[in-house]
1. Between THR237 and SER186, how many nm apart are label points set 7 Å from Cα along the C-beta direction?
2. If you place +1 on the Cβ of every Lys and Arg, -1 on the Cβ of every Asp and Glu, and leave all else neutral, what size is the dipole of region 61-115 about its Cα centre, to the nearest 20 Debye?
3. Quantify, in whole percent, the carbon and sulfur part of the accessible surface of region 80-238 (1.4 Å probe; protein heavy atoms only).
4. For region 26-144, just run the numbers: alpha carbon Rg, then divide by 2.2 N^0.38 Å, N being how many residues it has.
5. Could you please report the charge total around LEU75, scoring K, R as +1 and D, E as -1 over all other residues with beta-carbon less than 11 angstrom from its beta-carbon?
6. Working from the pairwise distances between different alpha carbons, so that the mean of 1/r is found and then inverted, what is region 185-278's Kirkwood radius in Å?
7. Keeping all protein chains in the complex and leaving out DNA, RNA and ligands, what accessible area do you get for VAL281 with a 1.4 Å probe, in Å² to the nearest 10?
8. Taking all protein chains in place and a 1.4 Å probe, what share, in percent, of the accessible surface of region 33-79 do carbon and sulfur account for?
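The values are calculated or read from the model by the stated rules, or taken from the named source; none is laboratory data. Quick caveat: nothing in here was measured; it's all calculated off a predicted structure. Here the Cβ positions follow ideal geometry from the backbone for every residue, glycine too, while neighbour counts run over all protein chains shown. Heads up: the accessible areas ignore ligands, DNA and RNA and are worked out on the full protein's heavy atoms, side chains in. Shrake-Rupley method; radii C 1.70, N 1.55, O 1.52, S 1.80 Å.
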Amino acid sequence: MLRKSTLFYALIYTLTCLFNFHSQIPASALEVGDIVLEVRPVEQELDLEPGANYSSSVTIKNGGRLPFTVNLSVLPYQALNENYDPDFSTENSYTNLKNWITFPRDSIHLEPGEEVEAEFHISVPKNIPGGGQYAAIIVQTRDTINEEATFRTIGQIASLLYAHVEGEEHIGAVMMGHKLPGFLLSSPFSSSVTVKNDGNIDFRVSHSLTVYDFFTNKEVFTPEYKDADGKTPGRATPIILPDTTRTNTLTWEGAPQLGVFRAVQHISFLDQEYTFERLVVVCPIWLALGAAFIVFLIILWIVLIIRGRRGRRLQVM
């Protein structure tokens, strides 16, 4: 059975140059919005059994003003570092999924505003060990205004596949560390957690940040807060792949430049749950330097007074 995560659109618009010396159309002929490639879902979770066959799909939309043709392919998916920059080249025991996927149609033409459901099939070999398998459906267009253009617009986007093959699963994880600031000279206000996956299957980490005004105990930043883009910067549920370590950071972009707050960071994954609380002082650097200078003057004044008294005592004696 296939499970699809929440559907939402993603947009990647990149420009690269492919030279063709017979062109008569300058690069300036292309404008933002001419080539717009949209794909959903951006990720899918799949439950697979050895020896079974499955079908799923991704929805591709031409959201631009020009027609184009897309090509479908599949690549392995892993993570390059703790920040989880995507790696579509490394192959290991967790990337065999790419070898099991085929496309009935790997090239599709779309007119402006047209939306197409692109199907793909998964044939799982027998005797495959249980655990996680990861790949990326790559949707790419190399179309431009016409075939003679000097510059082509290459739009590429990935729909990630998180497959769980039935069989022996090893689940294990450890929190490597977390950060919650105690003193900030400027915003933004950020907290983070780093978790390592020691198992052979992925899992999600639930990470949230709540900030209270220290004096009124009123919530000033919550996991439910949504920014202008509809995102929730105070809450995240990132996936951690097997044998990888991931750092997730939550940022309060609109934090005041001055204030005293109580921050609560909540972290949970598998059967582990953590809550960290800390008093946070936010102070602009100019005020901190000013306060330090005043303290220095006070200390200097006290030292001079003490020396003056000692000098007067010596004169009396």
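1. With each label point 7 Å from Cα toward Cβ, the separation is 3.6 nm.
2. Here the size comes out at about 200 debye.
3. Working: 3790 of 8020 Å².
Within region 80-238, the accessible surface is 47 percent carbon and sulfur.
4. Working: Rg = 16.5 Å, N = 119, 2.2 N^0.38 = 13.5 Å.
So the Cα radius of gyration is 1.22 times the expected 2.2 N^0.38 Å.
5. Numbers: positive: LYS98; negative: ASP87, GLU91.
Charge balance in the 11 Å sphere: -1.
6. Values: mean 1/r = 0.0702 Å⁻¹.
Taking every pair of different Cα atoms in region 185-278, averaging 1/r and inverting gives 14.2 Å.
7. Estimated to the nearest 10 Å², VAL281 gives 50 Å².
8. Exposed carbon and sulfur together represent 42 percent of the surface.
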